Amino acid sequence: MNANFLQTPIAYLKGVGPNRASTLQSELGIQTYQDLINLFPHRYIDKTQYYKINLLQQNTSEVQVVGKITHIKSVAQKKGNRLVATFLDDTGKMELVWFRGQKWIRENLKLNVPYVVFGKTNFYNGTFSMPHPEMELLVDHEKGLKIYMQPVYPSTEKLSNKGITNRVLSKLIQQIFVELNGKFTEALSPKIIEELHLISKSEAMFNIHFPKNQELLAKAQFRLKFEELFYIQLQLIAKNMLHKKRIKGFPFDKVGTIFTDFYNNHLPFELTNAQKRVLKEIRSDLGSNAQMNRLLQGDVGSGKTIVALMAMLLAIDNGFQACLMAPTEILANQHFVGIQELLEGVGITVSLLTGSVKKSARKVIHEQLESGELQILIGTHALLEDKVQYKNLGLAIVDEQHRFGVAQRSKLWHKNTIPPHVLVMTATPIPRTLAMSLYGDLDISVIDELPPGRKPIKTVHRYDSNRLKVFQFIREEIKKGRQIYVVYPLIQESEVLDYKDLMDGYESIVRDFPQPEYQISIVHGQMKPVDKEYEMQRFVKGETQIMVATTVIEVGVNVPNASVMIIESAERFGLSQLHQLRGRVGRGADQSFCILMTSFKLSTEAKTRLETMVRTNDGFEIAEVDLKLRGPGDLMGTQQSGMLNLKIADIVRDNDILKTARYYALQLLKDDPTLAKDENAVINYTYAQLVRHKNIWKYIS
Ligand code: ADP
Ligand code: MG
């Protein structure tokens, strides 16, 4: 009955009506009583304290003072008048000031009676003043419902124009509480409540809206955040379990001769421990009866490619084909060349399929793919075309997944009845926190160790005015036989401007590094793929010493001899992009450098980004900072941001609660996968509602 009552459309609530209802809906997405009580305050004003006037500090937020008005006067100012009241307590004097509504104030204020005033204070000429204070007679204040910690709800201009102020919202919520007698259906099991010492749902709801004190507020927040994160995790984990049960995969049960031969005779280096561990995780997935759905995270240069290749060899050993999809032609090409090199003498057929592969060659690939003659196909989006039909695709690997949408990924195998195993590789280090909430339904492997012998890249920040010194440094490095990247931003909205920046930069470099002593490549998005490829290859082969480029080279390109990365207008890049770019150097044995060039004008956020880059090479640390700066929605694009539309929890700040919630959700499902046990009835009910309505807050109460 509780649940039904809460589904009442908000227009029926006393004091709302159709007009305000439509504003509530459009501004805050509130349609029902339920939605309204799940509108949580984003902060609270502490009204537990009364301040003495002589103890007021400058720059405090709102304060509450008890005192009397001794007299009122009108003061002329440039535009109209202001009304000023002298307000005294037993310690001192301050002013209350009004610019609007003066007539009403003048007629209604009582002199020499105790008032409680509340508001923000200004300090001017040795006196504190409070403009437009909230005020209440002390006698009324003492009679009324004591809201010690005043909630502050989200507000918009439209809302306040329609008179839906903070106070009105609070009153509306109060009404619902009165009608429900303050009783809300419990949504967590007695066991969890007891173990975590949580307060009840009803108590939590009351104290989130009308906190009795700081301590109860903290408990209410904890309990509701936990509940929110718990149900998200429960959903993700259940989905993952169901997936494993329902989606059959091809069992790759043997490690065959090809894998073994490669491992023993062709592996050019010893695998790092992290690579070995991740391979083991992948092998155990592939050997089970379920389809693998794994995200492989590893910082730039951590050696994901070799892991991918060895997984593909397992597929081939078990009689299947494998494919590897990359986001750009350059990268696909590089994978193709690198993998061919690694597979020399192993006797595997590998082909490359990209947009620029000629029709005739394409036809051959299609045929070989269907006959099964072709074992590994590497390529770009071209792999997603309908014409690409495999005989038996057993493993699909997607590199640098942040460039592909989920829908595209599934296109890889939509024709198969049994889907291939899927390995998604990303060098965008997603902080574990976020990965857990976003990809709770994927399994995650992390390569958290770089191959041995890498020297950490030295990163510095230089202003444009130091350019001559930077150029001198470049000359010295080139003299030592090194190669240099100079990267310019490319932001879609101002492609024309960026292009001009790039060309200006290119010309100035050509001037300072004249031919024939210096050879310079240039690559940007407006070039034809063949031309790009040609220029790229010149740099890869060492025919040019400087590569001037836009961010097209961001992803994956591997030129071990390049040891200096100069990033122009570095303040315009995001942190993860800066880190990706820096990852293009530091791949060889030489000391590498990253030079971040900027103008003097820097925002605080840009400064933080630059300082972070200079401080650390650790992609995960950088990702955490990025997450804090930009918020999670941005980091992942819009892809799965629905998950991040949290009402009360914050994925970054509430990391610990998230971990606890995940732990409890996991334990619960391990112990009772179908939530059939009596003790879990409450959770089962809530969960069923949630799955049905796809919104955990709609039906929790
Ligand atoms: P990423 O994870 O960025 O894709 P790559 O797979 O391109 O990294 O590897 C980066 C470089 O490190 C390559 O030149 C690769 O040959 C080398 N590499 C990978 N694993 C090891 C290892 N265990 N020992 C030494 N070098 C390695
Ligand atoms: Mg790579």
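The values are calculated or read from the model by the stated rules, or taken from the named source; none is laboratory data. What you see is a predicted model; the values in this text were computed from it and never measured. Cβ atoms come from the backbone with ideal geometry, glycine included; neighbour counts cover every protein chain shown.
Annotations
- In region 341-366, of all residues being part of a helix (DSSP H, G or I) and away from ligand 2 (no atom under 16 Å from the Cβ), the one that is nearest to residue 388 (Cα to Cα) corresponds to 366.
- 1 or more residues at pLDDT below 70: qualifying helices (runs of 4 or more DSSP H) within region 634-701: 681-693, 696-699
- When region 110-144 is filtered for residues that are surrounded by fewer than 17 Cβ atoms within 10 Å (Cβ to Cβ), on the phi < 0 side of the Ramachandran plot, more than 41 Å from the chain's Cα centre (by Cα) and not in a strand (DSSP E or B), the ones remaining, listed by number, are 110, 111, 113, 138, 139, 140, 142, 143, 144.
- Some residue of region 308-329 being near ligand 1 (Cβ under 8 Å from one of its atoms) and surrounded by fewer than 20 Cβ atoms within 10 Å (Cβ to Cβ): no
- Region 4-26, residues that are in contact (Cβ under 8 Å) with a residue 60 or more places away in the chain, part of a helix (DSSP H, G or I) and surrounded by fewer than 17 Cβ atoms within 10 Å (Cβ to Cβ): 5, 19, 26
- Flag not set for residue 515, criterion: in contact with a Phe, Trp or Tyr (Cβ under 8 Å, 6 or more places away or on another chain) and either within 16 Å of ligand 2 (Cβ to nearest atom) or in a loop (DSSP other than H, G, I, E, B) (or both).
- Within region 30-59, tally of residues that are part of a loop (DSSP other than H, G, I, E, B) and touching an Asp or Glu at 6+ places or on another chain (Cβ under 7 Å): 1
- Looking across region 71-85, not a single residue is among the polar types (S, T, N, Q) and either under 19 Å from residue 50 (Cβ atoms) or crowded, with 17+ Cβ neighbours inside 10 Å (or both).
- Residues that are in contact (Cβ under 8 Å) with a residue 60 or more places away in the chain and not in a strand (DSSP E or B), drawn from region 60-89: 60
- Region 276-323: number of residues that are within 13 Å of ligand 2 (Cβ to nearest atom) and polar (S, T, N, Q): 3
- Pairs, first under 14 Å from residue 613 (Cβ atoms) and free of Cβ contacts under 8 Å to residues at least 60 places away in the same chain in region 557-573, second more than 16 Å from ligand 2 (Cβ to nearest atom) and aromatic (Phe, Trp, Tyr), C-beta under 6 Å, six or more apart: none
- Test: residue in region 419-431 that is more than 16 Å from ligand 1 (Cβ to nearest atom) and modelled with pLDDT under 85: yes
- The helices (runs of 4 or more DSSP H) found entirely in region 204-292 that carry 3 or more residues being away from ligand 1 (no atom under 16 Å from the Cβ) and of a type outside the set (Val, Ile, Thr) are 214-246, 273-287.
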